[in-house]
Every structure is written in C-alpha cells, then in structure tokens.
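The values are calculated or read from the model by the stated rules, or taken from the named source; none is laboratory data. Remember, it's a predicted structure, so these values are computed and weren't measured experimentally. When we count neighbours, we look across all protein chains shown, and the Cβ atoms used for this are built from the backbone with ideal geometry, even at glycine.
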Amino acid sequence: MAPPYYADLGKKASDVFSKGYHFGVFKLDLKTKSESGVEFSSGITSNQESGKVFGSLSSKYAVKDYGLTFTEKWNTDNTLATDITIQDKIAAGLKVTLEGTFAPQTGSKTGKLKTSFSNDTVAVNTNLDLDLAGPIVDVAAVLKYQGWLAGAHTQFDTQKAKFSKNNFAFGYQTNDFALHTNVQDVNSLLNSLENGTISNLDEESDDEIVQPIPGKIVRVGSNITQPTEREIADHSEKEEDSVEEKEPTYGSSSKLKNDIIWRKHLQLESPQLILSPPSSEIDSPLA
C-alpha cells in the first residue's frame, strides 16, 4: 500500500470532525454519467449566515487507451478551468497534470504544472506555478517504513529567491488507527529560538528584579543572576546623571521586534532589563 501524499496526512482524523458536518451551510452535490463515458457533476453551497451562494459545474472525460483525462470546470464566480492529465504512461506511478484557469470578466489567467509519483515506500508531488514574473515551486514528499510516516513540504519563491514554507510531519498508520503530528512554518520557529523570544513570564514579586549592569551583556539562554544592591545603586546614580534616556536601536526591525524589555518599579527610576541579541563576538548559546 502506497503512503499518502503530504496534503493527505492526518486527513482521516480531520474528516471525523469536518466531513459531513456543515452547520449553517446548505450543500447539495449531484453526479451523473452519460452512455459515452462523460461524467458530469454539479454542486451548490449556500451559507445561511452570510447569504452567499456558490455553485459549480464540471465535466470529465477519460481516454483510457492513452491514459488521458480531460476536465472542464465552471463556477458562479465566472471562472473557467481546464485540466489535462496523463497517468501511468510516461512511467508507472507517475501522474502529470496541466491546469489552466481564465476569468473572462477580469482577463486573469493562471497556469500550473502538477506532477505526482507514488509507490510502496514513497509519495512525491510537485506544483509549479507558471508565472513569467517568477514561478513558485512547491515540493512535498512522504516516506513510509513499517507503518511509520515521515513527510516534508517546502515552497520556493523564485521571484524573491527564498523559501516561503518549510513544514514537517510524522505519523503512524495501521488499518485500525492513524496517528499524525506536524510542525508548520519551521523558519518562524527557528527564528524565535535563535532570537530568544520569551513570553508569559512569571511575576512572583516586585522585589525580584534583574537590573542591567554596564559592561555586561545579558543573553537569553545564559545563566542570569541577581545583581548585588551595590551594583544596582551604582547603576541608578549613573542613570540620574543622564540628561536624556535613549531607546535601544538595532540593525534591523525584525530584531527590534524580538527584543524583550521588562520594566518594573522598585523605588528606582524606571529600572529596566534589555535582552539584546548576542553580538558577533559571542557565540550563540543555542549553537
């Protein structure tokens, strides 16, 4: 049995809570097939809360001798779509689809080239956005070994020359149950760990204050110790002599957003703790 594609990981679990449950929505689907083998399907969806109605109509014709399938779609947004698919003819398990859409009212046109391949141990699919300004390449793969599943999904924007998505998923699947977990947007997670983002700090007492000491760099991940009363007093005297209090500045707005400033009141003039990103001379504690 071939592993599922990345988009289908955890689908059985999500269908338990989503498939067939349409609260506040009226949905009707109709399917039929002609004697010549053309399949027709139509559907209508009405949202009782917003009053919006959406309808679609599609036809599908398969030429089995050549492994070709032609699909035409239309919806109430006045968008036309055409799909041409060839399967198991170029290679066993390989499916190639050319998809195009056209909106007559706006003249908008889109195109996509989709490929997918699967066997007993791996399932890979790619989507290429046919945009001359800079296509977006989407690649996903799932490996299967003795019921265990491991998947990865990435998206690369050629126009911006950077990865816009990096997701991972793990799971275990049997005939009786399926277990699935995933990590979305790994880039944001790594950036948060690297910059030392801290939230939901426990404030047990107003007397527990960590005061920055001149000449010392406080870093997230380091052992932060409470300064002595003498050090606090010396630093407070220097603050009183200062005419103007300057806010910390950094090289980029993204790092400024991740900086954490704590201000507490302890009979001193606005004591504050500034956790700065590690300088280039000091190795990151997370390395």
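Would you tally the residues in the stretch 142-154 being within 16 Å of Gln173 (Cβ to Cβ) and assigned to a strand (DSSP E or B)? Walk me through how you get there before you give the answer.
So the first thing to find is which residues in the stretch 142-154 are within 16 Å of Gln173 (Cβ to Cβ), and the list is 142-151.
This time we only want the ones that are assigned to a strand (DSSP E or B), so: 142-145, 148-151.
Here the count works out to 8.
May I ask you to list the residues in the stretch 27-72 that are charged (D, E, K, R) and free of Cβ contacts under 8 Å to residues at least 24 places away in the same chain?
Start the filter on the stretch 27-72 by keeping residues that are charged (D, E, K, R), which leaves 27, 29, 31, 33, 35, 39, 49, 52, 60, 64-65, 72.
Residues satisfying the conditions are Lys27, Asp29, Lys31, Lys33, Glu35, Glu39, Lys52, Lys60, Lys64, Asp65, Glu72.
Filtering the stretch 117-137 down to residues that are in a loop (DSSP other than H, G, I, E, B) and hydrophobic (A, V, I, L, M, F, W, C), which residue is modelled with the highest pLDDT? Explain how you work it out, then say what you get.
First pass over the stretch 117-137, keeping only residues in a loop (DSSP other than H, G, I, E, B): 119-121, 130-135.
Then keep just the ones that are hydrophobic (A, V, I, L, M, F, W, C); that gives 130, 132-133.
Values: Leu130: 88, Leu132: 80, Ala133: 81.
In this case the residue turns out to be Leu130.
Suppose we filter the stretch 158-176 for residues that are part of a strand (DSSP E or B) and surrounded by fewer than 16 Cβ atoms within 10 Å (Cβ to Cβ); how many remain? Spell out how you get there, then give the answer.
Here is the first cut: in the stretch 158-176, the residues part of a strand (DSSP E or B) are 162-173.
Narrowing further to those that are surrounded by fewer than 16 Cβ atoms within 10 Å (Cβ to Cβ): 162-164, 168, 170, 172.
Residues that pass the stated criteria total 6.
Name the single residue that is farthest from Leu28 (Cα to Cα) among those in the stretch 41-60 being of a type outside the set (Gly, Ala, Ser) and loosely packed, with under 15 Cβ neighbours inside 10 Å.
Quick first cut of the stretch 41-60, residues of a type outside the set (Gly, Ala, Ser) only: 44-45, 47-49, 52-54, 57, 60.
Remaining after also requiring loosely packed, with under 15 Cβ neighbours inside 10 Å: 47-49, 52-54.
Numbers: Asn47: 12, Gln48: 14, Glu49: 17, Lys52: 14, Val53: 11, Phe54: 11 Å.
That would be Glu49.
For the stretch 118-144, which positions are buried (at least 16 other Cβ atoms within 10 Å of the Cβ) and within 12 Å of Tyr6 (Cα to Cα)?
Ser118, Ala123, Val124, Asn125, Asp138, Val139, Ala140, Ala141, Val142, Lys144
I'm trying to understand the selection: among the residues of the stretch 83-117, which are without any contact (Cβ under 8 Å) to a residue 24 or more places away in the chain, of a type in the set (Ser, Thr, Tyr) and surrounded by 14 or more Cβ atoms within 10 Å (Cβ to Cβ)?
Matches in the stretch 83-117: Thr85, Thr97, Thr101, Thr110, Thr115.
Per-residue answers, yes or no, for (1) in a strand (DSSP E or B); (2) β-branched (Val, Ile, Thr); (3) assigned by TED's automatic domain parsing to the domain that holds Ala152; (4) closer than 28 Å to Leu9 by Cα:
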| residue | (1), (2), (3), (4) |
| --- | --- |
| Glu49 | no, no, no, no |
| Trp74 | yes, no, yes, no |
| Asp77 | no, no, yes, no |
| Lys89 | no, no, yes, yes |
| Val96 | yes, yes, yes, yes |
| Lys109 | yes, no, yes, no |
| Thr115 | yes, yes, yes, yes |
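Report the residue count in the stretch 14-48 for those that are out of contact with any strand residue (DSSP E or B) (no Cβ under 6 Å at 6 or more places or on another chain) and over 30 Å from Val63 (Cβ atoms).
Restricting attention to the stretch 14-48, the residues satisfying the condition of being out of contact with any strand residue (DSSP E or B) (no Cβ under 6 Å at 6 or more places or on another chain) are 14-24, 34-37, 48.
Then drop every residue that is not over 30 Å from Val63 (Cβ atoms), which leaves 14-24, 48.
Counting residues in the stretch 14-48 that are out of contact with any strand residue (DSSP E or B) (no Cβ under 6 Å at 6 or more places or on another chain) and over 30 Å from Val63 (Cβ atoms) gives 12.
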